[in-house]
Amino acid sequence: MIATPPAAHLWNGGSSPYGVGHKKLGMWLFLVSDSITFGALLISCMYARVSSPNWPTPFPAWPSIAFASLMTLCLLTSSLTMVFAVDASKRGDRRAAVRNILWTVLGGAAFMVLHANEWLRLIAEGVRPWSNPWGAPLFSAAFFTLTGLHMVHVFTGLIYLLIVATGTRSGKRTHEDVEICGLYWHFVDLVWMFIFPLIYLMSVSQ
Amino acid sequence: MTPDTALHVDAPKSFLRRWIFSTDHKVIGIQYILLGLFSAILGTSLSMLMRLRLAWPETHFPLLEKLMPEGFPGGVMSPEFYLAVLTIHGTIMVFFLLTTVPLAGFGNYFLPIQIGARDMAFPVLNMLSFWTTFVALLVLLASLFVEGGAPISGWTVYPPLSALGKIAGPGLGAGQTLWLCSIATFCAGSMMGALNFIVTTLNMRTAGMSLMRMPLTVWGWFTAASVALLAFPVLLGGGILLLLDRLAGTSFFLAAGMVVSSKVITRSGGSPILWQHLFWFFGHPEVYIIILPGMGVTSHILSTFSRKPVFAYKAMVLAIFSIGFIGFIVWGHHMFASGMSPVVGMVFSLLTLTVGVPSAIKVFNWLATLWGGRIQCTAAMLYALGFVSFFVSGGVTGLLLAQPAIDVYFHDTYFVVAHFHIIMGLAAVFSIFAALQFWFPKMFGRHMSETLGKLHFWITIVAVYAIFIPMHFLGMAGAPRRYAQFTEFVYLRNLQGLATHISWAAFLAGAAQLILLFNIFYSLWKGKKTIDNPWSATTLEWVISSPPPHDNFGDTDPVVHRGPYEYSVPGDPTDFTLQTTAPDSRRPQ
Amino acid sequence: MNSEHSSSRTYAWIWIYLVGLTGIELVLAYRHVFTPGLMMVALMALSVAKAGMIMNWFMHLGTERLTFVLTLLPPLILVLALLFGFFPDAYRLAQLGAH
């Protein structure tokens, strides 16, 4: 008995309707759900901003905005090297893939170092989750919550990248694994594209 | 299709891998059901304690004092203990029974089989999501035993009380923190499960199983999982913020100018209303996560025992989907009393009323499915009819509560308690009963007793209506929910007899569940042995043996040729046509 | 090999665009070109553009089947848009001066 001819209708069962494997579909769905977690937090912080009369705009061009822009550049560049890694693994060039993943790790690590430095500097200025020298206490609460959750994602991403790099080198991980890891890493970058303007650029001092 | 021995998989030999840390979706489904059974027993017992306090507020119970000296000083339950019991009852029932059993329990067991798959898409993730949920339950139970006991803030844990710590009351210290950790963990487990369900349904359907040939149960689970994937993250976000408020000193949900326990609270800047938004943005879709699987099961069973196809299958699918969608745009109707602008209230009210349209489509289609059928009044059929009954009687009061002007009066009264217990609690619980009675032979190879099932059905439905119909009147008279006692209110004194009546009915309903428990455990070992397809049903789970083998379909993958509800097809020798029956193979022309 | 070079060049161009858009955002914010409300809209519009470019080229959503994109994005956008339903309340609180 013939089950389904190769050109079966998309939704007819027996194969993925999207031509996408389980893992990739699963990662995309996770990213959709994670976007909503970030969305809920971002909206909550904007809600606090809208309803607070004394929301501060404390960040001067130097050093805060300059460092934050540098961090953005690090993440964007790491995304570029990640997409090169995915391309290389698609060609079967495992060495180039591993090399580019390691560049990505470097970009992510630089982001984390710069960001940790930023946190320490603000803490030294007396900024705490429950208060800050400039105005509405929720400003610093929102800052630490959003950037903190994002940092958790970056840190998880770095571990994930290293696992995939090791696996790619030994040949245990396939192209699909590299591609899925890439999806996660680009997502971390994408979320920062929203946190950066909302937390930093909307708080540039007058 | 030719048999392929490579497809055959044996169950793992070790006990631990097979029954405890199993990756088999059937075992995980049963694990979820057992977790739900435990939760149901605990949650029901707690509600009995509450009814005891409400009916006889001043009577002394020395036995209970001996058992729980802190909760019953002098043999009378303290109001704080009442609130703790209420919180745990709500949390356990909503999250660990109604969210897990219909979706993660029966869904895990039957979704892969009904679409012709051998397991879920991510078996290990599936195992992880169960054990995450299990840990969440343990953490919740741990809150009962820490200093101050369980939280007293209700299952909606509204700030500011829930954000302040133990200064706000007993149980709001460590107990509340554990509650939040438990629910955040539960969110993670549910999101893993939902993701797995969606990928499985989309990617793993067997040949010929197009979307419009999926049983309505699968549509219910798939839609509920999609809703869960999109709604749980919002609760997770809110939970993170509330935990930060408690542990990191932020004040997302704390406005200025509060005096709590005679202490001035210096934190300021936030808004408790924000929590209500975040909570109900999740909370309303949650109601549909609970009820959609029940709708699927009900359609499935009504069709089987009417020996008729489901009336207007496509409209049913559309209704399931639109209910899932509308669930996201109505959260504001839980907040009419929060002082929202009348314009926004009107918008939410209108949107809420539109839920009535797909709901009515479902109800009328169920009735049309029954119409003219050769109805077999099995116990499973009775439970499914009970679901329809509750869905109507609980839904009608929903239309009342959707009007802001009426809701301002009914808000936080027993009218609301009656409404959501009928529509969300009882309807979903009856769909669980129906699913259990219907699929028990497939899961365990033995039937549950029909006689005991029918007895249980009649006692339960009479008793629960005797609880909840009078509760509407209590609410109309203005009895507020979450109060341990009404005797202090002059205007409610005359209704104390009604409260006592409700309690007696509740004890009857609780006792009737012992019949169900006995039926389950008796039937596991002594029930009537069954065959592959005892109900003469049509979907894929009835093609395989009872109980199904470890790899579900042995050496061959099933191939689907027709829709899920082909009952009483004219010209067919039997009154049911299996989905795997090839076209025209039954009808020699 | 030719296609490999051309795709690398595309990615490099996308990177340049992303950096460029970020630069525009920086200038807008630093020079306070708009009032805060308008600034928010402008920055978010640019961010959505950047997110779209990342998804389309870096995450290869552009080369997936249309049905896949249509399964993922509309529900996500819908839920994120609905979250803006919180704001009437935030403005009400601001007007009340409740803090």
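A few notes on this one:
- For the residues A:98, A:32, A:127, A:83, the requirement of being more than 8 Å from every other protein chain (Cβ to nearest Cβ), under 21 Å from residue A:189 (Cα atoms) and hydrophobic (A, V, I, L, M, F, W, C) singles out A:98.
- Test result for residue A:145, of a type in the set (Ser, Thr, Tyr), under 26 Å from residue C:19 (Cα atoms) and within 13 Å of chain B (Cβ to nearest Cβ): yes
- Candidates are the residues of the range B:464-479 that are aliphatic (A, V, I, L, M) and part of a loop (DSSP other than H, G, I, E, B); the one that is surrounded by the most Cβ atoms within 10 Å (Cβ to Cβ) is B:479.
Yes or no, residue by residue, for (1) within 7 Å of another protein chain (Cβ to nearest Cβ); (2) over 13 Å from the mean Cα position of the chain (by Cα); (3) not in a helix (DSSP H, G or I):
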site: C:13; (1), (2), (3): no, yes, no
site: C:16; (1), (2), (3): no, yes, no
site: C:21; (1), (2), (3): no, no, no
site: C:26; (1), (2), (3): yes, yes, no
site: C:42; (1), (2), (3): no, no, no
site: C:48; (1), (2), (3): no, no, no
site: C:53; (1), (2), (3): no, no, no
site: C:68; (1), (2), (3): yes, yes, no
site: C:76; (1), (2), (3): yes, yes, no
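- Residue count for the range A:47-80, restricted to those that are at the interface with another protein chain (Cβ under 9 Å from one of its Cβ atoms), small (Gly, Ala, Ser) and under 30 Å from residue A:165 (Cα atoms): 2.
- Residue match in the range A:105-121 (condition: free of Cβ contacts under 8 Å to residues at least 12 places away in the same chain and within 11 Å of another protein chain (Cβ to nearest Cβ)): no
- Within the option set A:126, A:135, A:167, A:148, being surrounded by fewer than 21 Cβ atoms within 10 Å (Cβ to Cβ), free of Cβ contacts under 8 Å to residues at least 24 places away in the same chain and not in a helix (DSSP H, G or I) holds for one residue only, A:126.
- Filtered by the rule that a residue be touching a Gly at 6+ places or on another chain (Cβ under 6 Å) and within 12 Å of chain A (Cβ to nearest Cβ), the range B:173-209 gives B:184, B:195, B:199, B:205, B:206, B:207, B:208, B:209.
- Count - residues of the range A:146-165 that are more than 23 Å from residue A:101 (Cα to Cα) and touching a helix residue (DSSP H, G or I) at 6+ places or on another chain (Cβ under 6 Å): 1
- Verdict on residue C:38 being closer than 30 Å to residue B:268 by Cβ, part of a helix (DSSP H, G or I), of a type in the set (A, V, I, L, M, F, W, C) and facing another protein chain (nearest Cβ under 7 Å): no
- Of the numbered criteria (1) within 14 Å of chain B (Cβ to nearest Cβ); (2) touching a residue at least 60 places away in the same chain (Cβ under 8 Å); (3) farther than 17 Å from residue C:61 by Cα, the one residue A:43 fails is (2).
- Exclusive hit being in contact with a His (Cβ under 9 Å, 6 or more places away or on another chain), among the hydrophobic types (A, V, I, L, M, F, W, C) and crowded, with 19+ Cβ neighbours inside 10 Å, set C:18, C:83, C:26: C:83
- Residues in the range A:52-63 that are modelled with pLDDT of 90 or more and within 24 Å of the chain's Cα centre (by Cα): A:59 only.
- Filter result for residue A:70 (touching a residue at least 12 places away in the same chain (Cβ under 8 Å), more than 19 Å from residue B:270 (Cβ to Cβ) and buried (at least 19 other Cβ atoms within 10 Å of the Cβ)): no
- The single residue among B:257, B:249 that is in contact with a strand residue (DSSP E or B) (Cβ under 9 Å, 6 or more places away or on another chain), modelled with pLDDT under 95 and more than 10 Å from chain A (Cβ to nearest Cβ) turns out to be B:257.
- Some residue of the range B:103-115 being crowded, with 24+ Cβ neighbours inside 10 Å, outside any helix (DSSP H, G or I) and on the phi < 0 side of the Ramachandran plot: yes
- Residue B:269 vs. criteria in contact with a Ser or Thr (Cβ under 8 Å, 6 or more places away or on another chain), of a type outside the set (Ser, Thr, Tyr) and modelled with pLDDT under 95: yes
The values are calculated or read from the model by the stated rules, or taken from the named source; none is laboratory data. For clarity, every value in this text was computed on a predicted model and none was experimentally measured. Backbone-built Cβ (ideal geometry, glycine too); neighbour counts: all protein chains shown.
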